[in-house]
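The values are calculated or read from the model by the stated rules, or taken from the named source; none is laboratory data. Quantities reported herein were computed from a predicted structural model and do not represent experimental measurements. Cβ placement follows ideal geometry from the backbone for every residue including glycine, while neighbour counts extend to all protein chains displayed.
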Amino acid sequence: MATLRAVLFDIDDTLVATTEFAALARRNAVHAMCEAGLDHPEDEVYAELLEVIREFSSNYGGHFDRLLIRLPNSALEGVNPALVLAAGVVAYHDTKFRGIDPFDDVVPLMEALHDAGIIIGVITHGLTIKQAEKILRLGLVHLIDPAAIFISDQIGISKPNPKLYTTALKRMGLSPEEALYVGDNLEHDIAPAKSLGMHTAWSTRAAKPGQNTAIVADHTIADFRELAETLRTTYGLDLPKF
């Protein structure tokens, strides 16, 4: 087995509970819109917003605009729609600005890997600025190798296309067996990395249910303390306990 030289991570629901955080931000946005005069049951507004997101994708920039178009005209009677829209946008971003934190074992693991001379990187799916913003807000810039950040939008290749992972390996000068990829999605994270011969670890703590469990990662971990132990025992890395 080749010596492990890099540990590469997915971001969303691997380093941070993105799904949970996004739900909170959307809930706060809907509440603020109703407080600003939107006259419609809050739960129904939220359900409609989720439907908009499913139809247009989470990366679409006009969720709240579409939401207001789809609600009955009576919901906006007597109010300025621009103020309702602005209330939702402000509440959504205020939730983000209050702080999105990584799981509590992310920084200790990355610090240990950094001290051990291991390349730390990310291979993530999403819009370039959104994913870069997450790295900044999570406080991980000083730990992640800037030459090991691969965002699907920036590279022009989307998950689960294995070419995204091939591109990352080629640019880092690594063979597949020199890298371990950690992700929460079996189909989008684990399958393409494994198909290339990369080592894989499936992080289950924020993984969505209903995944294709016929896809089997090399390692299944509940948290990064388990991952650290795997790196010690299987790959011989000299990592401290944390």
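Taking the range 169-192 as the search range and keeping residues that are aliphatic (A, V, I, L, M) and touching a residue at least 40 places away in the same chain (Cβ under 8 Å), which one is nearest to R225 (Cα to Cα)? Once the filter is applied, the top-ranked residue is V182.
When you scan the range 154-162, do you find a residue that is under 19 Å from the mean Cα position of the chain (by Cα), part of a strand (DSSP E or B) and surrounded by 20 or more Cβ atoms within 10 Å (Cβ to Cβ), even just one?
Of the residues in the range 154-162, the ones under 19 Å from the mean Cα position of the chain (by Cα) are 154-162.
Next, from what is left, pick out any that are part of a strand (DSSP E or B): none.
No, the range 154-162 contains no residue that is under 19 Å from the mean Cα position of the chain (by Cα), part of a strand (DSSP E or B) and surrounded by 20 or more Cβ atoms within 10 Å (Cβ to Cβ).
Looking only at residues in the range 109-148 that are assigned to a helix (DSSP H, G or I) and of a type in the set (D, E, K, R), the one that is surrounded by the fewest Cβ atoms within 10 Å (Cβ to Cβ) is D115. Taking the range 30-77 as the range and being part of a helix (DSSP H, G or I) and among the acidic types (D, E) as the test, the residues that pass are E35, E42, D43, E44, E48, E51, E55, D65.
Quickly run through the range 85-124 and pick out the residues that are among the aromatic types (F, W, Y) and in contact with a Ser or Thr (Cβ under 9 Å, 6 or more places away or on another chain).
In the first step, residues of the range 85-124 are kept if they are among the aromatic types (F, W, Y); the result is 92, 97, 103.
Passing the criteria: only F103.
Applying the selection to the range 169-193, what residues are closer than 22 Å to A207 by Cβ and outside any strand (DSSP E or B)?
At the first step, the residues of the range 169-193 found to be closer than 22 Å to A207 by Cβ are 179-193.
Those that are closer than 22 Å to A207 by Cβ and outside any strand (DSSP E or B): D184, N185, L186, E187, H188, D189, I190, A191, P192, A193.
The residues on offer are P160, P146, and the sole one that is in contact with an Asp or Glu (Cβ under 8 Å, 6 or more places away or on another chain) and assigned by TED's automatic domain parsing to the domain that holds L109 is P160.
The residues listed here are G88, G62; of these, the one that is free of Cβ contacts under 8 Å to residues at least 40 places away in the same chain, touching a helix residue (DSSP H, G or I) at 6+ places or on another chain (Cβ under 8 Å) and not assigned by TED's automatic domain parsing to the domain that holds V182 is G62. For the range 9-29, the criterion of being assigned to a loop (DSSP other than H, G, I, E, B) and surrounded by fewer than 13 Cβ atoms within 10 Å (Cβ to Cβ) is satisfied by no residue at all.
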